[in-house]
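The values are calculated or read from the model by the stated rules, or taken from the named source; none is laboratory data. Quick caveat: nothing in here was measured; it's all calculated off a predicted structure. For neighbour counting, all protein chains shown are included, and Cβ atoms are generated from backbone atoms with ideal geometry for every residue, glycine included.
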Amino acid sequence: EKGGWSSFMAKEISEQPEAVANTIRGRVVDEQVVLPELEGLDEVLTDIDRIIIIACGTASYSGLVGKYAIEKWARVPVEVELSHEFRYRDPVLSERTLVVSISQSGETMDTLMAVKYAIANGARTLSICNTQGATIARESDAVVYTHAGPEVAVASTKAFVAQITALYLFGLHLARLRGTVEQGRAAELVAELRAVPDKIAKVLESADEIDQLARWMSDSRAVLFLGRHVGYPIALEGALKLKELAYIHAEGFAAGELKHGPIALIEPGQPVFVVVPSPRDPGSLHSKVVSNIQEIRARGARVLAVAEEGDVAVLPFADEVIRIPLAAPLFEPLLTVVPLQLFAMSLATAKGLDVDQPRNLAKSVTVE
Ligand code: BG6
């Protein structure tokens, strides 16, 4: 079952290269993304003027990553909302609104009720789901399955990377239909995406180094996570993993928000993970995040940077640097989340906690 691993979580984290590869498989034709399950929806997808992504927990953070990619490629406005907020606020919906639900189990009651609400109010629905034949999948107009395989550990890891992958595929499918990404560029993006599984395998090689770091930090009272652009949802997910698995108070922030509040939390010794954007990113976000690192370091923070190989700008200011291989900026979340998952798991293990079955949590919450 656990196949020699100490926990399902350890096993599932290690299965992430396959989870991504399996989600891509069969969905690329002539270097373009084609989702056969959306055949017949061409007209609907060309006609929609808005996408609302609904989900809970980790799945909602995959949605936040998806927003950046879908808007960039398909030029359709995307909002991301928690399922349990969505249906209680009288949202504006029409037949040109596509509500995309994301759920590993496909049974989360809050998300199911939100999907039913969307249908009753005239929206079109698509679900991204990991469990074949789940209720949410059956209720929706169409389903794109993630092929992460069964996920046993309560806190989600491999389903998360598979959800992000499915959202990238959906974004590229939509872009092809709407003619918003030129074919040559789309083929380059597909090639980049296909290269991700091997890069995740590379990140997994730093497991021992991260385990050591987590052991040293096992008495931490609070840990902060900063990220920007697609690194922002990853900061949120890194914090959630640490809460769920290690019961440590953790918060994720958008790095640009630092001076608007969170910097007040920085005192000597405060550990802060920083997901550093690629220095190759044309938006110059890299240098902005490096200045954030300098600002918190000057106030005594202990900086743990997750940065691209060869990024030397972080070296003078970071206490620890965890390296990820080079990838196209939008695909980086599939790599940067891995050390944060490993960190939370190792720290929980160092505290003697059950990483597969954290207290008070359930894998699938089928009550509201
Ligand atoms: C929570 C789980 O209850 O539900 C999380 O503990 C999960 O791990 C969230 O992210 C959403 O679940 P699902 O099945 O809808 O993706």
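Looking only at region 62-77, decide whether some residue is of a type in the set (A, V, I, L, M, F, W, C), within 14 Å of the ligand (Cβ to nearest atom) and more than 27 Å from V152 (Cβ to Cβ). No: region 62-77 contains no residue that is of a type in the set (A, V, I, L, M, F, W, C), within 14 Å of the ligand (Cβ to nearest atom) and more than 27 Å from V152 (Cβ to Cβ). Going through region 286-326 one residue at a time, which ones are crowded, with 16+ Cβ neighbours inside 10 Å, of a type in the set (A, V, I, L, M) and part of a helix (DSSP H, G or I)? Listed by number, the residues that qualify are V289, V290, I293, I296.
Examine region 25-45 for a residue that is surrounded by fewer than 22 Cβ atoms within 10 Å (Cβ to Cβ), under 15 Å from the mean Cα position of the chain (by Cα) and not β-branched (V, I, T), and state whether such a residue exists. Looking through region 25-45, none of the residues is surrounded by fewer than 22 Cβ atoms within 10 Å (Cβ to Cβ), under 15 Å from the mean Cα position of the chain (by Cα) and not β-branched (V, I, T). Within region 145-162, residues that are among the polar types (S, T, N, Q) sit with their Cβ atoms under 6 Å from residues that are modelled with pLDDT of 95 or more and in a loop (DSSP other than H, G, I, E, B), at 6+ positions apart or across chains, in these pairs: T146/N130; S156/Q104. Which condition number does G252 fail, the rest of (1) within 16 Å of the ligand (Cβ to nearest atom); (2) surrounded by fewer than 18 Cβ atoms within 10 Å (Cβ to Cβ); (3) touching a residue at least 12 places away in the same chain (Cβ under 8 Å) being met? All conditions pass for G252, except number (2).
Quick one: in region 82-113, which of the residues that are over 23 Å from V161 (Cα atoms) and among the hydrophobic types (A, V, I, L, M, F, W, C) is nearest to the ligand (Cβ to nearest atom)? Restricting to residues being over 23 Å from V161 (Cα atoms) and among the hydrophobic types (A, V, I, L, M, F, W, C), the top hit is M113. Please determine whether any residue of region 38-48 is within 19 Å of G106 (Cβ to Cβ) and among the acidic types (D, E). No: zero hits. Of all residues in region 331-364 being within 16 Å of the ligand (Cβ to nearest atom) and part of a helix (DSSP H, G or I), which is surrounded by the most Cβ atoms within 10 Å (Cβ to Cβ)? Checked region 331-364; the qualifying residue surrounded by the most Cβ atoms within 10 Å (Cβ to Cβ) is V337.
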